Amino acid sequence: MSNKISLTRYLVEQQRVHGRIPPELRLLIEVVARACKRIAINVNKGALGEVLGTADTENVQGEVQKKLDVIANEVLIEANEWGGHLAAMASEEMEGIYVVPNRFPQGEYLLMFDPLDGSSNIDVNVSIGTIFSVLKKSSTEAGVSEQDFMQPGHQQAAAGYCVYGPQTTLVLTVGDGVAMFTLDREQGSWVLTQDQIRIPEDTKEFAINMSNMRHWDAPVKRYIDECLQGKEGPRGKDFNMRWIASMVADVHRILSRGGVFMYPWDKREPEKPGKLRLMYEANPMAWLVEQAGGAATDGRQRILDIQPTKLHQRVSVMLGSKNEVDRVTRYHSEL
Ligand code: P6P
């Protein structure tokens, strides 16, 4: 591509031309993007890099951590803590927030991330990714606490993910649509390969873990059952199914060609609203999907309108092609 637009140029234009992002947010995004390049280097080493297997530790979710989970988390912390753009960070891999140490300047932004989503795929060489979400501290008071993070997803200043797959691709929104950057490994730079991504409003492809079918509630069962009936059923068309067990990879497919992704509440753990985390999985993905013309709900309300109460709270997720998400959400309202 002769007229390559770099991530830096894209961000400078968002800052200068659109006045959308202040310099500190531009720096934050560039630092996160650089950290994702370092994570990609570690991921791509595989068995050659002593990075596979478990770390013999558990995260706050009680999940056994993979070595790469820990490495990715450390890369993101170390890359971001000194820049002066952040007040604090939160991660799926850490129980509490990480306040920027006093030896560094404090900023106004709050960075949340799932450093390596889809970890069960690491050892079998299937795509995984990093998901991040940026909020701005709302309180002007000095210091920072977990309460500063308790903002609904529509308050995000930036959101994105990096998928470590056949290509290493960074997908980003700052509120002006969704842009996709592919890592040029020869130059070590992110190159804009798609802008203003649009998700088709209709689809013939759904993504859900079918092994949980007996645990779903009625609206989800109804929606999937109608898809499985194909063109002989009420939908009048055949559907295809995909499930990569890596949200980043499933969402990337939906941004690339449409589809619907669902990880709904199920009765295995009825006290939990779902498996996925609101602050650093559902919110960033929901904003990206909406910015690309799709929809994202928890079955009843827009994910971006949910008022968080806990840093690691979970949520039921239905996102993707607008007409499909509207349909399954309508089925919930007909209960
Ligand atoms: P299951 C990965 O652990 C994750 O959080 C998402 O990336 C993915 O969509 C989901 O869980 C997979 O869950 O129950 O199918 O293994």
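What number, rounded to the nearest 500 deg cm²/dmol, is the helix-based mean residue ellipticity at 222 nm of the chain, given -39500 (n - 2.57) per DSSP H run of at least four residues and division by all its residues?
Details: 7 runs with 91 residues, N = 335.
Calculated at 222 nm, the ellipticity per residue is -8500 deg cm²/dmol.
Would you kindly derive the ³J(HN,Hα) couplings of segment 152-159 from the backbone phi angles with the Karplus curve 6.51 cos²θ - 1.76 cosθ + 1.60 (θ = phi - 60°), listing them in order in whole Hz, with x for Gly and Pro?
The phi angles translate into x, x, 6, 8, 4, 8, 7, 7 Hz.
For Ala55, what residues show an amide H to amide H distance below 5 Å, using hydrogens built from the backbone and excluding near sequence neighbours?
Under 5 Å from the amide H of Ala55: Gln65, Lys66, Lys67.
Can you tell me how much longer the chain between Gln167 and Arg214 gets when fully stretched, taken as 0.36 nm per residue apart minus their C-alpha distance, in nm with one decimal? Show your work: numbers first, answer last.
Numbers: separation 47, 0.36 × 47 = 16.92 nm, distance 3.60 nm.
Stretched fully, the Gln167-Arg214 segment lengthens by 13.3 nm.
Would you mind checking which residues have amide H under 5 Å from Ala90's amide H? H placed 1.01 Å from N; only 5 or more apart, or other chain.
Tyr98, Leu111, Met112, Phe113
At a 10 angstrom cut-off on C-beta neighbours, averaged per residue, how do the peptides 258-264, 240-246, 74-80 rank from highest to lowest?
Details: 258-264: 24.6, 240-246: 15.4, 74-80: 19.3.
So the order, starting with the most tightly packed, is 258-264, 74-80, 240-246.
If contacts are Cα pairs under 8 angstrom and at least 6 residues apart, what is the relative contact order of segment 259-323 in percent?
Working: 111 pairs, mean separation 31.0, N = 65.
Relative contact order here is 48 percent.
Counting heavy atoms of the protein chains only and a 1.4 Å probe, report the per residue accessible area for the chain as a whole number of Å².
Working: 14270 Å² over 335 residues.
Accessible area per residue, the chain: 43 Å².
If R0 is 35 Å, what FRET efficiency do you get for Thr309 and Gln187 from their C-beta distance, rounded to 0.05?
Numbers: r = 44 Å, r/R0 = 1.27.
Calculated value: 0.20.
Taking R0 as 25 Å, what's the FRET efficiency between Met94 and Glu269 from their Cβ-Cβ distance, rounded to 0.05? Don't skip to the answer; put the middle values down first.
Working: r = 22 Å, r/R0 = 0.89.
Efficiency, from the Cβ-Cβ distance: 0.65.
Could you check the simple spin-label distance between Gln61 and Glu24, using points 7 Å along Cα→Cβ, in nm with one decimal?
Label-label distance for Gln61 and Glu24, simple model: 3.0 nm.
Specify the inter-centroid distance of segment 188-267 and segment 75-98, based on alpha-carbon positions, in whole Å.
Distance between centres, Cα-based: 32 Å.
P(r) of the chain in 20 Å steps, Cα pairs, percent per bin?
That works out to 32, 59, 9, 0, in percent per bin.
Just the number, please: carbon plus sulfur as a percent of the accessible area of segment 73-156, 1.4 Å probe, no ligands or DNA/RNA counted. Before the final figure, lay out the partial values.
On the way: 1550 of 3370 Å².
Here carbon and sulfur together make up 46 percent of the probe-accessible area.
Label-point separation (nm) for Glu201 and Asp238, each offset 7 Å from Cα along Cα-to-Cβ?
Placing both labels 7 Å beyond Cα along the Cβ direction yields 2.7 nm.
One quarter of the convex hull surface, Cα atoms only: what value does that give for segment 91-166 in nm²?
Taking the Cα atoms of segment 91-166, their convex hull projects to 6.6 nm² on average.
For segment 205-333, how big is the tail of P(r) above 25 Å, as a whole percent of Cα pairs? If you can, show how the numbers build up before the last one.
Details: 1390 of 8256 pairs.
Value for segment 205-333 (Cα pairs over 25 Å): 17 percent.
Sorted by mean Cβ packing within 10 Å, highest first, what order do the peptides 218-225, 322-329, 57-64 take? Can you show the working numbers first?
Working: 218-225: 18.2, 322-329: 20.5, 57-64: 12.5.
Ranked from most to least packed, the peptides come out as 322-329, 218-225, 57-64.
Which whole-Hz couplings ³J(HN,Hα) result when phi for each residue of segment 238-251 is put into the Karplus expression 6.51 cos²θ - 1.76 cosθ + 1.60, θ = phi - 60°, listed in order with x for Gly and Pro?
Coupling constants for segment 238-251: 7, 10, 10, 10, 9, 8, 8, 6, 9, 3, 4, 5, 5, 5 Hz.
Figure the gain on full extension for Thr8 and Leu335 (residue separation times 0.36 nm, minus the Cα-Cα span) and round it to one decimal in nm. Don't skip to the answer; put the middle values down first.
Values: separation 327, 0.36 × 327 = 117.72 nm, distance 4.85 nm.
That pair, Thr8 and Leu335, stretches by 112.9 nm at full extension.
Whose amide H sits under 5 Å from the amide H of Ser189, counting only residues 5 or more places off or on another chain, with H placed in the peptide plane?
Residues meeting the amide H criterion: Asp184.
The values are calculated or read from the model by the stated rules, or taken from the named source; none is laboratory data. Please read these numbers as outputs of a predicted model, since none were measured by experiment. Positions of Cβ are generated from backbone atoms using ideal geometry, with glycine treated the same way; all protein chains shown enter the neighbour counts. Areas reflect the complete protein model, heavy atoms only, side chains present, ligands, DNA and RNA absent. Shrake-Rupley method; radii C 1.70, N 1.55, O 1.52, S 1.80 Å.
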